[in-house]
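Can you read through this structure? Questions will come right after.
Please treat every number below as a calculation from the coordinates, not as lab data. On a predicted model such as this, the values are computed, not experimentally measured, just so you know. Don't worry about glycine lacking a Cβ; one is built from the backbone with ideal geometry, like all the others, and counts go over all protein chains shown.
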Amino acid sequence: MNVPFVDLNIQYKLLKKDIDAAIQSVIDRTAFIKGEEVEEFEKNFAKQYGVNHCIGVANGTDALYIAMKMLGIGPEDEVITVSNSWISTSETIVQTGAKPVFVDIDEFSTIDVSKIEEKINENTIAIIPVHLYGQPADIKAIAKIAEKHKLYLIEDCAQSHFAEFEGQKVGTFGDIATFSFYPGKNLGAYGDAGAIITNDDDLATKMRMYANHGALKKHVHLIDGINSRLDTIQAAILKVKLPYIYQWNEMRLKNARYYDDILEGIGDIIIPPVRENVTHIYHVYSIRTKHRDALMKHLNENGIGTAIHYPVALPFMETYSNLNHKTEDFPRAAKFQHEILSLPMYPELKIEMMNYVAEVIKQFFNKL
Ligand SMILES: Cc1ncc(COP(=O)(O)O)c(C=O)c1O
């Protein structure tokens with residue numbers, strides 16, 4: 001049996017008629033840039049989040065960069081973030097001229113709240129937690145720390161569309177939240193796409209302007225900006241897909257519970273721990289084992305797709321060698337990077353496929 005890591009074709013087949021029509025309509029009107037679908041998707045997305053503003057941008061990386069730039073973050077500033085994430089979270093801090101200050105992860109692979117305050121000094125300006133794998137970070141506690149020290153709070157929601165912490169959607173706890181609609185994300189476009197949400201009117205205007213060459217009106221450039229607009233074809237596709245996101249997230253959750261049941265107790269496997277009072281949306285189902293590399297090879301040889309999110313924790317990336325981080329500084333991230341393994345996870349994953357994954361994992365541990 002073959003179990004791909006993700007299968008994006010299933011949803012396309014399901015929505016083919018609507019998606020094809022949406023794309024064709026943009027082409028028929030040659031509304032490629034700033035077509036009406038962009039504004040419609042922004043409105044729908046903001047409404048689903050219960051926030052005042054959504055600004056569509058070119059991707060989730062730009063979303064972070066634009067947010068930081070318009071908060072005035074730059075050289076001399078320090079921005080606190082988590083040590084396990086995709087590089088976008090920290091590379092954008094560096095792009096602004098600020099310094100990324102990493103904090104170790106907790107058992108849920110999100111920022112360890114107990115270690116944030118020791119990193120705050122007079123140069124600290126913001127905190128960027130990541131709701132990694134679709135699991136909310138301890139966002140209420142983080143928001144309290146941000147408030148106490150008067151720091152900006154930017155939530156990186158690239159992997160956590162519509163996840164909740166104590167019944168409140170993550171992305172609504174801070175000043176700004178950023179999203180990626182990279183194709184494999186829970187809400188994915190058919191190319192690069194991203195968005196920013198906020199309740200702050202002034203910030204929303206600035207971010208919209210910055211993402212559009214510093215202009216709100218054609219040829220009136222109030223500041224130097226960048227070109228980071230949400231492509232109309234991507235907006236049209238996202239608009240078709242948005243109403244299904246809750247259903248898809250629930251299907252992922254159901255699959256995760258099934259995996260939990262059948263994987264529990266096999267070898268030294270640690271099934272992904274879940275924080276209390278959160279709705280995890282399982283963008284990634286990441287187990288841990290001391291035999292990660294050999295197990296990954298065995299799964300791949302048996303037709304099962306896997307991935308590692310992420311094999312090198314951010315502080316240990318070559319690009320941050322100038323910061324002289326040592327493994328002892330981030331003990332949990334240093335350990336987890338060798339143990340984490342992401343199994344196939346998507347809404348339409350079948351029970352037989354998950355049973356096969358568990359069977360192949362059992363086989364591996366029986367032979368050890
Ligand atoms: C946590 C995190 N932040 C930011 C990004 C950047 O998003 P994009 O790939 O759309 O630029 C990603 C996407 O891969 C991500 O996973």
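Could you give the semi-axes, largest first, of the ellipsoid that matches region 46-148, computed as the square roots of 5 times the alpha carbon gyration tensor eigenvalues and rounded to whole Å?
After scaling each eigenvalue by five and taking roots: 20, 18, 14 Å.
Based on alpha-carbon atoms only, what is the radius of gyration of region 245-367 relative to the globular estimate 2.2 N^0.38 Å?
1.15
Among 277-284, 237-244, what's the highest-first ranking by average C-beta atoms within 10 angstrom per residue?
Descending mean neighbour count gives 277-284, 237-244.
Among 181, 66, 85, whose Cα lies farthest out toward the positive end of the dipole of the chain, if unit charges sit on the beta carbon of Lys, Arg (+1) and Asp, Glu (-1)?
Of the listed residues, the answer is 181.
Moving to a separate point now. I'd like to compare 342-355, 256-269: which one has the highest average count of other Cβ atoms within 10 Å, and what's the full order after that?
So the peptides 342-355, 256-269, ranked by packing, come out 342-355, 256-269.
If you wrap a convex hull around the C-alpha atoms of region 161-231 and split its volume per residue, what is the figure in Å³?
Spread over its residues, the Cα hull of region 161-231 gives 89 Å³ apiece.
Given the convex hull of the Cα atoms of the chain, what is a quarter of its surface area in nm²?
18.6
Let me ask something else about it. Highest GNM mean-square fluctuation, the chain, Cα pairs closer than 10 Å: which of 254, 17, 169?
Of the options given, 17 has the highest mean-square fluctuation.
Shifting gears a bit: Using the Cα atoms as the points, what is the convex hull volume per residue of region 25-95 in Å³?
Given the Cα convex hull of region 25-95, per-residue volume reads 134 Å³.
Give 34/217; 144/326; 69/99; 69/169; 297/326; 34/218 a once-over and call out the pairs whose C-alpha atoms are over 18 Å from each other. Each step should come with its number before you reach the end.
Details: 34/217 13 Å; 144/326 29 Å; 69/99 14 Å; 69/169 25 Å; 297/326 29 Å; 34/218 12 Å.
Too far apart for the 18 Å limit: 144/326; 69/169; 297/326.
Counting pairs of alpha carbon atoms under 8 Å apart in space and at least six apart in sequence, what relative contact order in percent does the chain give? Before the final figure, lay out each step's value.
Values: 751 pairs, mean separation 81.5, N = 368.
Value for the chain: 22 percent.
So, with +1 on the Cβ of K and R and -1 on the Cβ of D and E, and no other charges, what is the size of the charge dipole of the chain about its Cα centre, to the nearest 20 debye?
On the way: 38 positive and 49 negative charges, 133 e Å.
Roughly 640 debye, rounded to the nearest 20.
Quick one: grab Rg to one decimal and Dmax as a whole number for region 47-86, Cα atoms only, in Å.
In Å, with Rg to one decimal and Dmax whole: 12.8, 37.
Counting Lys +1, Arg +1, Asp -1, Glu -1, what net charge surrounds residue 296 among other residues with beta carbon under 14 Å of its beta carbon?
+1
I need the peptides 185-192, 45-52, 324-331 ranked by packing, meaning the mean over residues of other C-beta atoms within 10 angstrom, with the highest value on top.
By packing density, highest mean first, the sequence is 185-192, 45-52, 324-331.
Antiparallel as a % of all DSSP beta bridges within the chain, to the nearest 5?
Bridges in the chain are about 60 percent antiparallel.
Check cross-link reach from residue 254 to the aspartates and glutamates: straight Cα distance under 20 Å, and skip same-chain residues fewer than eight apart.
Within reach: 7, 164, 166, 264, 276, 348, 352, 359.
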